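Enquirer: I have a structure I would like to understand better, so I am pasting it below and will then ask my questions one at a time.
Please treat every number below as a calculation from the coordinates, not as lab data. Keep in mind the model is a prediction, meaning the values are calculated, not measured. Ideal geometry is used to build each Cβ from the backbone, glycine not excepted, and the neighbour counts take in all protein chains shown.
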There are 6 protein chains.
Amino acid sequence: MSDSQDSHHDGFTHLDRSGAARMVDVSGKEVTTRTATATGVVFLTPETIEALRHGDVPKGDALAVARIAGIQAAKRTPDLVPLCHPIAIHGADVTLTVDDERGGVAITATTRTADRTGVEMEALTCVMAAALALVDMVKALDPEAVVSEVRVEEKTGGKTGYWHRSA
Amino acid sequence: MSDSQDSHHDGFTHLDRSGAARMVDVSGKEVTTRTATATGVVFLTPETIEALRHGDVPKGDALAVARIAGIQAAKRTPDLVPLCHPIAIHGADVTLTVDDERGGVAITATTRTADRTGVEMEALTCVMAAALALVDMVKALDPEAVVSEVRVEEKTGGKTGYWHRSA
Amino acid sequence: MSDSQDSHHDGFTHLDRSGAARMVDVSGKEVTTRTATATGVVFLTPETIEALRHGDVPKGDALAVARIAGIQAAKRTPDLVPLCHPIAIHGADVTLTVDDERGGVAITATTRTADRTGVEMEALTCVMAAALALVDMVKALDPEAVVSEVRVEEKTGGKTGYWHRSA
Amino acid sequence: MSDSQDSHHDGFTHLDRSGAARMVDVSGKEVTTRTATATGVVFLTPETIEALRHGDVPKGDALAVARIAGIQAAKRTPDLVPLCHPIAIHGADVTLTVDDERGGVAITATTRTADRTGVEMEALTCVMAAALALVDMVKALDPEAVVSEVRVEEKTGGKTGYWHRSA
Amino acid sequence: MSDSQDSHHDGFTHLDRSGAARMVDVSGKEVTTRTATATGVVFLTPETIEALRHGDVPKGDALAVARIAGIQAAKRTPDLVPLCHPIAIHGADVTLTVDDERGGVAITATTRTADRTGVEMEALTCVMAAALALVDMVKALDPEAVVSEVRVEEKTGGKTGYWHRSA
Amino acid sequence: MSDSQDSHHDGFTHLDRSGAARMVDVSGKEVTTRTATATGVVFLTPETIEALRHGDVPKGDALAVARIAGIQAAKRTPDLVPLCHPIAIHGADVTLTVDDERGGVAITATTRTADRTGVEMEALTCVMAAALALVDMVKALDPEAVVSEVRVEEKTGGKTGYWHRSA
């Protein structure tokens, strides 16, 4: 990384050479159908899980709120992720299911587009916002909720075609 | 939970009784100084960690972008979390540090306000958006990055005073 | 209105005299608890009302989506209404109930704040956004849905104190 | 609707079966030119109508503010309507005209796109935001203003082609 | 600046020491009435100035659009300026006047608050957004428009009290 | 301009004839690759320039913050500029370089799209927001910073093809 170290000697240049954030040009990429699926989990106490299961959360229907928060955040990904391209999301769904074995709510989001870049950041944002909203709904009952294992599971479309994580 | 179960029989009523999401009234709560600290981690490959350490990420200065994304998202928490109150954040900082032992970047965010509700959702949102932005910056190098253990560590202020998680 | 007519003769001055939109200064107003209630109705076909009642709307839980849309829009009122002051909403709830007699869904929203201006625009925005979201959810079933009678019902707090509409 | 009633017995499943809001996939739909026209009316007192006619509204040029609010809101439709697709609006205009017979201001909005879904929600949002902004501009003069009859009038493009409301 | 130079040797530390952007804590600052005034100018061709003066701009009422754009942007300052605190703007006005001598439109914006930090960034944002919107309105007539001399003129309130620029 | 003058006599008509702002229909325009470059300068004191050069700005890495603010604002151009079309930005970069001769920081932004309208407003918004963020970062050191000479330098694509400013 000698290039970057040199740049410390010549004023601001290094800021434009190695450090300059930019939104990569994708105007030459092909418009193809692309999808991405991301998952995550919110770990909760057994009491909170029971409350969710019975619709007993005092602030209201926690899972419906989380789902809608996820879809809305997916649309706002370029606002949240500084170098993400604005993209036309053509479909999004998010499911939240109680997973008694893991002791939490599993979240899966799939986003779809017919555009020039992938939608994995949109799927991740969807999962994260759904998780955040769920934590908000239950935080009076469960202040120690933890969001974990948020990650891309698979992608389709674009130059790469089908991709899925190795583990 | 008999009340809610009954409500399944009488049309829409249950939607307004047990399921109706609402933004809880906090206008009677006291204006006090409140803080919250949340943490999280982004697990990355050793190669990605090296690239971050040397400023070699092709899209630009990943940690600076993540930090700014975190602070900006903290301000937009009420937009992202449907039932969160709009709140005047009076201070926010977020640090990202490479943690070689855990194999990732540890994120810590602290938010402060002098207002009527706590700022733990703002701290969590800050961590999550910083994590998302970091994943976006390195995703070409590391498509299997995982965001985990996002959680509130401690809070001060309000009626509860000092709170920290048990583990 | 001779003042304004004169202004047509002197260039742009009239734009700064009679036509200049501005956000009125409220910094000297007192911080008091204020509430506002607004209502409205979405007229629908009997078939759509049946579908709502039975949760049969293909796009999902229409009333939950409408309710959340209303609360989120209430928070974004200053973004939508150009001369509205940004305000800290401290509480918001919105109810949607099927009204068979009127042939539609009645919407009532109440917003609360402890701030320097009233929250009737926030209550109206909440009703309108809930209505819009409801129309979106059912538009495949009911393309002729109509939103009507959106209006402020009552207000409390501020210099005026209690106000309710005359009819 | 036995399916939904059954779902009350099996935990969260029903939330993912009948209640799960999702943004419908439109990536396979054709890109065609589409337009939509929506209308609405704001009922006002004769005194307020006179003030509008003479540009005497204390907060400024009410009709210009309303028109701009409408256009800006049309662009933000996917932010306001949770399951609306983000769409590239390629044209929008909104007219406000005093209608002495009805005793109010009639609003008509037309939106256009060359994209994969219709723009009737954008036209409705435009009308509603223009109406809201108008109410805000005159509310000191006319606290009992009512927004009514907001509805889609006609649509062109897409698979359906030309559609207009029956009455 | 030896401290910062050292930091280049010890991994990420410097990112948290010298480079870490943060939103400074203002929760301990006093709530006082604060104002700020900023100005700027948009240089235009004489033909464009004539068109503005006569309301002949094809896209519509350019000065009204610019004024509203300025006020709306002032409210969105914390969204645009990453480390700006969200602040309750309690008043904003912006005037645009043709200045034949300078060959352009002079813009002056004043913002007011009763809050914990100054509003000079809000006044500057207001001027800049009004200028941008004006350029957009006339760009078909005047593609070489230039925005210049955007600066804070004076401030009141807070610990500093009255401040005005030296030149 | 007799048409507009006449309109002053016939009530609201003129508002719909000469004054009615509208988003021009571009749905018939061709999708082509388009770019725009805009520039601007922030004049600063020599002390501030030294602080920037050495990374000594107390609020953090001013140039990184400015760059990210610029890119994010470019994506939000249609939110800020009322009659701008929402557009898919497919690339954006912004450079900030110290210009000792002019006594300030020179900003250059280039935006790219494959869409139906030009991106010069996006490039200008990028420059302005980067300038605003830079002023915010240094305002404690340099309250008299001035943003000037913000203008479009060149454009490519669309019906016009290559265009550059005359001076």
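Enquirer: So the label point sits 7 Å from Cα along the Cα-to-Cβ vector; using that for A:Thr32, what distances do you get to the other copies, in nanometres, sorted shortest first?
Expert: Between copies, matching label points for A:Thr32 lie 2.7, 2.7, 5.8, 6.2, 6.5 nm apart.
Enquirer: Another question, if that's okay. Output ³J(HN,Hα) for region C:28-44: one whole-Hz value per residue in order, computed from phi by the Karplus curve 6.51 cos²θ - 1.76 cosθ + 1.60 with θ = phi - 60°, and x for Gly and Pro.
Expert: Whole-Hz 3J(HN,Hα) from phi for region C:28-44: x, 6, 7, 7, 9, 6, 10, 9, 8, 10, 10, 9, x, 9, 10, 7, 9.
Enquirer: Would you mind ranking D:Cys84, F:Cys126 by Cβ crowding within 10 Å, fewest neighbours first? Don't jump to the answer; show the numbers that get you there.
Expert: On the way: D:Cys84 23, F:Cys126 33.
In increasing order of surrounding Cβ atoms, one gets D:Cys84, F:Cys126.
Enquirer: Dipole size in debye (nearest 20) for the protein assembly as shown around its Cα centre, Lys and Arg Cβ +1, Asp and Glu Cβ -1?
Expert: It comes to approximately 20 debye.
Enquirer: Can I ask one more? For B:Thr110, F:Thr111, F:Thr156, what's the fewest-to-most ordering of other Cβ within 10 Å of each Cβ?
Expert: Details: B:Thr110 23, F:Thr111 32, F:Thr156 18.
Fewest to most other Cβ atoms nearby, the residues stand as F:Thr156, B:Thr110, F:Thr111.
Enquirer: Then there's this: Let me have the relative contact order for chain D, percent, based on Cα pairs under 8 Å that are six or more residues apart.
Expert: Details: 320 pairs, mean separation 58.1, N = 167.
So the answer I get is 35 percent.
Enquirer: To continue, here is another question. Would you work out which of D:Leu44, D:Thr156, D:Met137 lies farthest towards the positive end of the dipole of chain D, given +1 charges on the beta-carbon of Lys and Arg and -1 on that of Asp and Glu, about the Cα centre?
Expert: Of the listed residues, the answer is D:Thr156.
Enquirer: Given Cβ point charges of +1 (Lys, Arg) and -1 (Asp, Glu) and nothing else, what value in debye, to the nearest 20, does the dipole of region D:29-153 about its Cα centre take? Write out the running numbers ahead of the final one.
Expert: Numbers: 12 positive and 18 negative charges, 120 e Å.
It comes to approximately 580 debye.
Enquirer: Could you list the residues of region E:82-119 with an amide nitrogen less than 20 Å from a label point located 7 Å from the Cα of E:Glu154 in the Cα-to-C-beta direction?
Expert: Correct set: E:90-97, E:106-115, E:118-119.
Enquirer: Mind telling me which of D:Ile71, D:Ile89, D:Ile107 comes out most flexible in a GNM of chain D, alpha-carbon contacts under 10 Å?
Expert: For chain D, modelled as a Gaussian network with Cα springs under 10 Å, the answer is D:Ile89.
Enquirer: Measuring label to label, 7 Å along Cα→Cβ, what does C:Glu144 give against each other copy in nm, shortest first?
Expert: Nearest first, the other copies' label points are 3.2, 5.9, 5.9, 5.9, 7.0 nm away.
Enquirer: Answer rounded, prolate or oblate for the protein assembly as shown, using the Cα gyration tensor with square roots of eigenvalues a ≥ b ≥ c: rounded when a/c is under 1.5, else prolate when a/b is larger than b/c, else oblate.
Expert: Values: a/c = 1.37, a/b = 1.00, b/c = 1.37.
Rounded, since a/c falls under 1.5.
Enquirer: Rank A:Gln72, A:Ile87, A:Ser166 by how far each Cα sits towards the positive end of the charge dipole of chain A (+1 on Lys, Arg Cβ; -1 on Asp, Glu Cβ) and give me just the farthest.
Expert: The residue sitting farthest along the positive end of the dipole is A:Ile87.
Enquirer: Using helices alone, what [θ] at 222 nm do you get for chain A, with -39,500 (n - 2.57) per DSSP H run of 4 or more residues, divided over all residues and rounded to the nearest 500?
Expert: -9500 deg cm²/dmol
Enquirer: Treating cross-link reach as a plain straight distance, find the lysines whose alpha-carbon is under 30 Å from the alpha-carbon of E:Lys155, omitting any fewer than eight places away in the same chain.
Expert: B:Lys75, C:Lys29, C:Lys75, C:Lys159, D:Lys59, E:Lys29, E:Lys75, F:Lys59, F:Lys139
Enquirer: Sticking with this structure for a sec: Tell me, what HN-Hα J-couplings in whole Hz come from the Karplus equation 6.51 cos²θ - 1.76 cosθ + 1.60 at θ = phi - 60° for each residue of region C:121-137, using x for Gly and Pro?
Expert: Taking θ as phi minus 60°, the curve returns 5, 5, 5, 5, 4, 4, 4, 5, 5, 4, 5, 4, 5, 5, 4, 4, 5 Hz for region C:121-137.
Enquirer: Along the Cα-to-C-beta direction of A:Thr45, a point sits 7 Å from the Cα; which residues of region B:131-167 have their amide N less than 14 Å from that point?
Expert: Residues B:164-167 qualify, since their backbone N sits under 14 Å from the label point.
Enquirer: Which Cβ of chain A lies nearest the axis of the rotation superposing A onto F, and at what whole-Å distance?
Expert: Axis-proximal residue of A, distance in whole Å: A:Ala88, 4.
Enquirer: Is the shape of region C:31-153 best called rounded, prolate or oblate, per the rule: a/c under 1.5 gives rounded, else a/b larger than b/c gives prolate, else oblate, with a ≥ b ≥ c the square roots of the Cα gyration tensor eigenvalues? List each step's numbers first, then the result.
Expert: Working: a/c = 2.42, a/b = 2.18, b/c = 1.11.
Prolate.
Enquirer: Once the label point is placed 7 Å from Cα along Cβ, list for C:Ala167 the distances to the corresponding points in the other copies, in nm, shortest first.
Expert: 2.5, 6.7, 6.8, 6.8, 7.5
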